[in-house]
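Notes follow the structure.
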Amino acid sequence: MLQTPAVTFVNPRYGQLVIGPPGSGKTTYCHNAYNFYKELGRDIGVINLDPANENMEYTPIVDVMQLITVEDVMEQYHLGPNGSLMYCVEYLEAHLEDWFLPELRKANATCNYFLFDCPGQVELYTHHTAMANIFERLQKEGYHLVTINLIDSHYCSEPTKFVSTLLLALNMMLRMGLPHVNVLSKADLLRKHESKLQFNLDFYTDVLDLKYLLESLDDTPSMKKYRKLNEAICSMVEDYALVSFQLLNARSKASMLRLRNHIDKANGYIYKAGEETAVNSLLACAVGAEAEAMRQGHDIDPYVT
């Protein structure tokens, strides 16, 4: 787990560390978030930390692929894609001081808010230390960081997938040791899976009483023999009481605005003068400011019928 460094912040900089499994929408989120925050007037830039990211919709101000790529490592060392990605991340860690941080300091001349588009291999966050070490070094540089963990919302459609999602999210939160926001991405597609949802949507976002999830798992023939394991996982998630999710449609400004409120509270971003123009928007940033009916209307109703 990351240790919080004792640092005096001068001209603080802010960053979102966008992580999550492959296909969860990290690059799409970075593209849409860049445009969204740019409209708010933030001096923002996107940094690509994924050495296999060949389909960027944005133009990064720092790109790890200028240092090393998965394709080159596969060709030179005859490694598979996963092994090559691990090698690339370790290579980046080894060149923090002589390449990455100097490039980042150049970007600080024009930006003070950054989106870090990170690799999607979950082992980098659950079993490996390189990414955690990189994040810790960024903290020492004066960055106020928050981890944005994107997980495809279709995992709610099957109890087995949702249990693994809970365990993955908790593992990442504990190992990274940073302010953390879990996000169910592609929420606009939930209507396609609504018939498979066994509970109301707030059961999944708020991670309510998981005994009901265990009952659903028992109804799956192949999972009955794992009941004790599932009980232990659910009990651990409930005991920590850390995991919850925000819903996101990255192409909806209203959805991006609501997620922004959670992110800004997590990393302590101080609004620039003029960014907030409506009193209602300010109230929405406060914990507990909304009535449950209003929350239902904004967070749940747009995604299910």
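The values are calculated or read from the model by the stated rules, or taken from the named source; none is laboratory data. Just so we're clear, the structure is a prediction, and the values are computed from it rather than from any experiment. With ideal geometry, Cβ positions are generated from the backbone for all residues, glycine too; neighbour counts draw on all protein chains shown. For accessibility, only protein heavy atoms count, side chains too; no ligands or nucleic acids. Shrake-Rupley method; radii C 1.70, N 1.55, O 1.52, S 1.80 Å.
The test for being of a type in the set (Asp, Glu), crowded, with 18+ Cβ neighbours inside 10 Å and farther than 21 Å from residue 268 by Cα holds for residue 152. Can you find, within the range 106-125, the residue that is surrounded by the most Cβ atoms within 10 Å (Cβ to Cβ) among those that are within 22 Å of residue 32 (Cα to Cα) and of a type in the set (Phe, Trp, Tyr)? Restricting to residues being within 22 Å of residue 32 (Cα to Cα) and of a type in the set (Phe, Trp, Tyr), the top hit is 116.
I need a count of the residues in the range 126-171 that are part of a helix (DSSP H, G or I), among the β-branched types (Val, Ile, Thr) and in contact with a strand residue (DSSP E or B) (Cβ under 8 Å, 6 or more places away or on another chain). It would help to see each step written out before you state the result.
Within the range 126-171, the subset part of a helix (DSSP H, G or I) is 126, 130-140, 153-157, 159-171.
Still in the list and also among the β-branched types (Val, Ile, Thr): 126, 134, 160, 163, 165.
Filter once more, so that each one left must be in contact with a strand residue (DSSP E or B) (Cβ under 8 Å, 6 or more places away or on another chain): 165.
Residues flagged as part of a helix (DSSP H, G or I), among the β-branched types (Val, Ile, Thr) and in contact with a strand residue (DSSP E or B) (Cβ under 8 Å, 6 or more places away or on another chain) within the range 126-171 amount to 1.
Scanning the range 239-266 for residues that are open to solvent by 40 Å² or more (accessible area, probe 1.4 Å) and part of a helix (DSSP H, G or I) gives 239, 240, 253, 254, 257, 258, 262, 265. For the range 159-194, the set of residues classified as more than 17 Å from the chain's Cα centre (by Cα) and buried (at least 18 other Cβ atoms within 10 Å of the Cβ) consists of 159, 163, 190, listed by residue number. Screening residue 120 with (1) free of Cβ contacts under 8 Å to residues at least 24 places away in the same chain; (2) under 24 Å from residue 259 (Cβ atoms) gives one miss only, at (1). Filtering the range 126-140 to residues that are within 16 Å of the chain's Cα centre (by Cα) and open to solvent by 10 Å² or more (accessible area, probe 1.4 Å) leaves 126, 132.
Residue-level analysis places residue 114 among those that are within 24 Å of residue 25 (Cβ to Cβ), modelled with pLDDT of 95 or more and not in a loop (DSSP other than H, G, I, E, B).
Residues considered: 93, 103. Of these, the only one that is part of a helix (DSSP H, G or I), out of contact with any Asp or Glu (no Cβ under 8 Å at 6 or more places or on another chain), open to solvent by 20 Å² or more (accessible area, probe 1.4 Å) and within 20 Å of residue 177 (Cα to Cα) is 93. Figure legend. Inter-residue proximity from the range 25-52: first residues in a helix (DSSP H, G or I), second residues charged (D, E, K, R) and open to solvent by 30 Å² or more (accessible area, probe 1.4 Å), beta-carbon distance below 6 Å, spacing 6+ or different chains. Indicated pairs: 31/57. In the range 229-238, what residues are among the acidic types (Asp, Glu) and either under 22 Å from the mean Cα position of the chain (by Cα) or buried (at least 19 other Cβ atoms within 10 Å of the Cβ) (or both)? 238 - this is the single residue of the range 229-238 that is among the acidic types (Asp, Glu) and either under 22 Å from the mean Cα position of the chain (by Cα) or buried (at least 19 other Cβ atoms within 10 Å of the Cβ) (or both). Can you name every residue in the range 69-127 that is within 20 Å of residue 148 (Cβ to Cβ), out of contact with any Pro (no Cβ under 8 Å at 6 or more places or on another chain) and among the acidic types (Asp, Glu)? Correct list: 123 only.
Can you find a residue in the range 57-71 that is modelled with pLDDT under 95 and either open to solvent by 10 Å² or more (accessible area, probe 1.4 Å) or touching a strand residue (DSSP E or B) at 6+ places or on another chain (Cβ under 9 Å) (or both)? So that I can check it myself, show each step before the final result.
Residues of the range 57-71 that are modelled with pLDDT under 95, as a first pass: 57.
If we keep only those that are either open to solvent by 10 Å² or more (accessible area, probe 1.4 Å) or touching a strand residue (DSSP E or B) at 6+ places or on another chain (Cβ under 9 Å) (or both) as well, we get 57.
Scanning the range 57-71, I find at least one residue that is modelled with pLDDT under 95 and either open to solvent by 10 Å² or more (accessible area, probe 1.4 Å) or touching a strand residue (DSSP E or B) at 6+ places or on another chain (Cβ under 9 Å) (or both), so the answer is yes.
Considering the range 195-217, and only residues there that are part of a loop (DSSP other than H, G, I, E, B) and more than 12 Å from residue 157 (Cα to Cα), the residue that is least open to solvent (accessible area, probe 1.4 Å) turns out to be 210.
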